[in-house]
Amino acid sequence: MTSVTTDMAVATKDSPAVKREGRDRRRAFMLLAPGVVWMILFMVLPMLMVIYVSFWTQTTFAVEPTLTTASWERFMSSTTYISAIGTTLRIWVIVLLATLVVGYPVALFIGLFVKNRTVQTALLVACVIPFWTSFLIRVIAWRPMLGTEGAINLILMKLGIIDQPLTFLLFSEFSVLVGMTQIYCVFMVGPITFMIARIDESMIEAARDLGASFWTIFRRIVLPLSMPGVIVGAIFVSVMVLGEFATAASLSGRKVNLLGNIIVSQVGSLKWAFAAVAGVVLTVIITAVITLALRVVDLRKEM
Amino acid sequence: MLKLNGITRRYGGTAALDGLDFTVPDDTYVSLLGASGSGKTTLLRLIAGFEEPDAGEIVLGGERLDGKPPHRRDIGFVFQNFALFPHLSVQENVAFGLKHRETGAIASGSELTDRVAAALDLVGLTGFGHRGVGEISGGQKQRVALARTLVTEPRLVLLDEPLGALDANLRARMCDELRAIRERLKVSFLHVTGSETEALTMGDMVAVLAQGRIAQAAESTMLFHQPQNPAAARHLNAWNLLAGTVTGGALQTPVGRLPLPRPLADGTPAQLAVRFDQIDVAEPGAVPPGQDHFTARYLTGEFNGPTTLSFFRADDGELIQVVDHMSNPRLPDLEEGKTYALHFSPEAALLYEGAA
C-alpha cells in the first residue's frame with residue numbers, strides 16, 4: 001500500500017502538469033519583478049521616508065533627525081492649513097461632479113449613439129487633442145479667455161449683457177474649477193465610453209421591446225452597466241485633482257491654497273518636515289477616497 | 001392577426017425585402033424558413049420596430065404598427081443571444097418589462113413576485129429567481145429570455161433563431177417545450193430559422209422566405225409534399241430540381257429528355273422536381289417499366305444514422321441527392337465513380353413553369 005502511494009508521488013513529481021505549473025509561476029515572477037522593485041525603491045521607501053521626516057525637528061533653515069511631533073502640532077492647530085484641507089476637498093468634489101456632468105453625456109454619445117467603431121475611436125482621439133500642447137499652455141490659455149479684458153467679458157459687453165467686466169472669472173476659485181474641469185474631463189470620458197461601448201446593442205433593444213422608454217433604459221440598464229467606468233474615471237480625476245497645485249498657482253492669483261500648493265511653498269522655503277506632514281495628510285486623503293470609490297462598485301466583478 | 005402588406009426594406013441599393021406580403025394567423029406557431037442573408041432577421045426587426053420599412057404597412061389586429069416605437073408595439077422578441085441584463089438576477093430580468101414598461105407598469109410588489117414566479121414555472125425554472133444570469137447554463141438563459149418576454153403578455157412573440165445557441169440535445173427538448181408553452185398561452189409565435197427540419201418540426205405553418213418575398217406559406221406537411229415553386233422546393237433541402245425547355249411534349253434537360261406530368265407548349269422553360277426519397281437507383285438498362293429515368297455517376301454516400309444520403313453527379317454537373325432509409329433499404333450496393341440509372345414514378349415529379 002505504502003509503496004503504491006510513493007510510486008504515485010514520484011510519478012506526479014515530474015509530470016508535465018507540474019513542470020508546466022512551475023514554468024508558469026517562474027514566468028509570472030519574472031513579469032512581476034521589475035514592477036515590484038520599482039515600487040519598493042521609488043514608492044514604498046520614499047513614503048516611509050516622508051512619514052519619518054514628518055517627525056524630524058525643523059529649524060529655520062535645516063531639519064535634524066531628532067524625533068518630535070512639533071510639525072504635526074503646528075499643522076493641526078493652524079487654521080490656514082486646516083482650511084487648505086477644506087479647500088482641497090471642496091475643489092475635488094466640485095471638479096469631480098463637473099467632469100462627470102460634462103463627461104458623461106459625451107461618453108454616452110460616443111459609446112451608445114455612434115455605431116461605427118472607427119468614428120468612435122476618432123472622437124475619443126479628438127478628446128485628447130488638447131493634450132498635444134503642454135500642461136502649462138493649456139492652463140495659461142484660460143487667462144486671455146477669462147480675464148477682465150478677456151474674450152468672454154469682451155463678448156458679453158459687446159452684446160450688451162453686462163456693462164462692467166465680470167471680475168470673478170479670473171484669479172478666483174471659479175477659474176481654478178474651470179481650468180481643472182477642462183484638463184481632467186477626458187479622464188472621465190475615456191473609461192465611461194469604454195464601458196458603455198461594451199453594452200450589447202441587443203440588450204438595449206430587448207429593454208425597448210419589453211416596453212421601457214429611453215429614460216428608463218438609461219436609468220436601469222445603461223447607467224448601472226457604466227458605473228465601473230464612472231468609478232475608474234472618478235479615481236483618475238480624484239488622484240490628479242487632490243495632488244494638484246499648478247492650476248491653482250497660475251489661475252487663482254494665490255487666492256486658492258490647496259494642499260499641493262502648501263507642499264510646494266514649504267519645500268521652496270526648505271521646511272522639509274512641514275512639507276512632509278502635508279504630504280502624509282494628502283496621501284491619507286487620497287487613499288481614503290480610492291477606498292471609498294472601490295467600495296461603491298465591485299470592480300473585480302465587472303472587469 | 002398580423003398582416004404585412006408590400007413590405008420593402010433596402011440597404012444601400014439592395015433590397016433585403018422586396019414587396020413582401022405575409023399573414024400570421026392568431027394562435028398559430030409559424031416558422032419562417034430562409035437562408036442566411038435572406039432578410040429573415042430584418043423582417044423580425046421590422047415587426048418589432050427596431051427598424052422601419054422603406055415601403056409597405058404592418059398591421060396587427062387592425063392597428064398600424066409601422067412608425068410606432070418598439071416599446072409601444074406590444075410585441076415580444078426573443079433574441080438569439082438571449083440579451084439578458086447581466087447586472088440583474090433571473091427574477092429581476094423577468095420582472096423588467098412588468099416593472100419598467102411605459103404604460104401599465106406594475107407597482108405592487110406581491111403581484112410582481114407572483115407573475116414572475118408564474119412565468120418561471122411556465123418555462124420550468126421554478127426556484128431559479130435568485131440566481132445571477134452569469135450562474136446559469138445556456139439552456140436556462142434561453143428559458144429566462146423566454147419568460148422575460150412572455151410575462152409581459154405580448155400580442156405576438158418573435159423568436160430569432162432561438163435554438164441556434166443551444167446544443168443538439170437541448171434543442172430537441174426546447175422544440176417540444178416551445179410548442180407546449182405556446183399552446184398554453186394561445187398567442188402566435190413567429191419563429192425564424194435557417195434549418196428546414198426545425199421549421200417543419202416547430203411550425204403549424206411554415207413560410208419560406210426567398211428573394212425578399214414569401215415564396216410559399218403553408219401547413220408543414222403540405223409544404224413538404226407540394227412546394228408551389230422552385231424556391232420553396234430548394235429551401236426544403238429535400239427536392240432535386242432539373243431545369244430544361246419543353247420540346248416535342250417532353251422536357252429537354254441537360255440530363256436527357258424527361259416526360260411531362262402535364263402538357264406544356266413547346267419552347268416553355270420549366271423545372272421538374274423530384275424528392276430525394278422518391279428516386280430509386282438501378283443498373284443502366286434495368287429500369288423498371290413505367291418509371292422515368294436519367295443517368296448519373298455515383299459520387300459518395302453520407303451515413304446519417306437512420307438514413308443514408310447518396311450523391312450523384314449528372315452529366316451536366318448537376319448534383320442529385322437520393323435518401324435511403326435504413327429500415328426500408330431501396331438502393332443496391334453502389335460503387336463510386338460508376339454510372340447508374342436514377343428512376344422515379346411519373347406521379348412523384350412536380351412541374352414548375354419558368355426558367356431556373
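The values are calculated or read from the model by the stated rules, or taken from the named source; none is laboratory data. Keep in mind that what you see is a predicted model, and the values were worked out from it rather than measured. Cβ coordinates were reconstructed from backbone atoms using ideal geometry, including for glycine residues, and neighbour counts include every protein chain displayed. Surface areas here come from the heavy atoms of the whole protein model, side chains and all, with no ligands, DNA or RNA. Shrake-Rupley method; radii C 1.70, N 1.55, O 1.52, S 1.80 Å.
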Across peptide A:223-229, how many C-beta atoms of other chains are within 10 Å of each residue C-beta, on average? 1
Overall dimensions of region B:238-353 as given by Cα atoms, namely Rg and Dmax in Å: 14.0, 44
Calculate how steeply helix B:138-150 sits against the longest principal axis of the alpha-carbon atoms of chain B, using the helix alpha-carbon long axis, and give the answer as 0 to 90 degrees to the nearest 10. 70 degrees
Given a cut-off of under 8 Å on Cα pairs at least six residues apart, what relative contact order in percent is computed for chain B? 16 percent
When you look at the Cβ of every residue in B:87-95, what mean number of other chain Cβ atoms sits within 10 Å? 2
Non-local amide H neighbours of B:Leu156 (under 5 Å, H modeled in plane, Pro and chain starts lacking H): which ones? B:Gly76
Report, to two decimal places, the Cα Rg of region A:72-302 normalised by 2.2 N^0.38 Å (N = number of residues). 1.19
Would you work out which of A:Ser54, A:Phe214, A:Pro228 lies farthest towards the positive end of the dipole of chain A, given +1 charges on the beta-carbon of Lys and Arg and -1 on that of Asp and Glu, about the Cα centre? A:Pro228
How large are Rg and Dmax for chain B when only the alpha carbon atoms are used, in Å? 24.3, 80
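Counting protein heavy atoms only and a 1.4 angstrom probe, how many square angstrom of accessible surface do chains B and A bury in total, to the nearest 100?
Chain pair B/A: roughly 1800 Å² of buried accessible area.
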Do the sum for chain A: with -39,500 (n - 2.57) for every DSSP H run of n ≥ 4, divided by all residues, what is the mean residue ellipticity at 222 nm, to the nearest 500 deg cm²/dmol? -22500 deg cm²/dmol
What residues in region B:62-76 lose 10 Å² or more of accessible surface when the other protein chains are added to their chain alone (1.4 Å probe)? B:Pro70, B:His71, B:Ile75
Projecting the Cα atoms of B:Gly13, B:Ser31, B:Ala48 onto the charge dipole of region B:9-57, where Lys and Arg contribute +1 and Asp and Glu -1 at Cβ, the residue farthest towards the positive end is B:Gly13
Given charges at Cβ of Lys, Arg, Asp, Glu: chain B dipole, positive-most of B:Leu60, B:His293, B:Met202: B:Leu60
Counting only protein heavy atoms and using a 1.4 Å probe, what share of the accessible area of chain A belongs to carbon plus sulfur, as a whole percent? 72 percent
Express the carbon and sulfur contribution to the solvent-accessible surface of chain B as a percent, rounded to the nearest whole number, probe 1.4 angstrom. 49 percent
What the Cα atoms of the protein assembly as shown span along the principal axes, largest first and in whole Å, is 123, 92, 54
Highest first, please rank the peptides A:112-123, B:56-67 by the mean number of other Cβ atoms sitting within 10 Å of their residues. B:56-67, A:112-123
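How much accessible area per residue does chain B have, in Å², with a 1.4 Å probe?
For chain B, the per-residue accessible area is 43 Å².
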Which positions within region B:96-110 get 10 Å² or more of their accessible surface covered by the other protein chains, compared to the chain by itself, with a 1.4 angstrom probe? B:Phe96, B:Gly97, B:His100, B:Arg101, B:Glu102
Relative contact order for region B:238-353, counting Cα pairs under 8 Å that sit 6 or more residues apart, in percent: 32 percent
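Enumerate the helices in chain A for which the Kyte-Doolittle hydropathy averages 1.0 or more and the C-alpha atoms extend at least 20 Å along the helix's axis, using complete DSSP H runs.
A:79-108, A:173-197, A:223-242, A:272-296
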For the pair B:Gln211 and A:Trp215, the simple spin-label estimate (label points 7 Å beyond Cα toward Cβ) gives in nm 5.0 nm
Per residue of A:21-27, other chain Cβ atoms within 10 Å number on average 0
Evaluate region B:1-137: find the radius of gyration of its Cα atoms, find its Kirkwood radius, and give the ratio Rg to Rh. 1.03
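With +1 on each Lys and Arg Cβ and -1 on each Asp and Glu Cβ, and nothing else charged, work out how big the dipole of region B:242-348 is about its Cα centre, in Debye to the nearest 20.
220 debye
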Size of electric dipole in chain B: Cβ of Lys, Arg +1 and of Asp, Glu -1, about Cα centre, debye, nearest 20: 920 debye
Cα centroid distance between region B:161-222 and region A:57-122, in Å? 60 Å
Mean separation of Cα contacts under 8 Å, 6 or more apart, over the residue count of chain A: relative contact order %: 25 percent
Just the number please: accessible area per residue for chain A, 1.4 Å probe, all protein chains included, in Å². 58 Å²
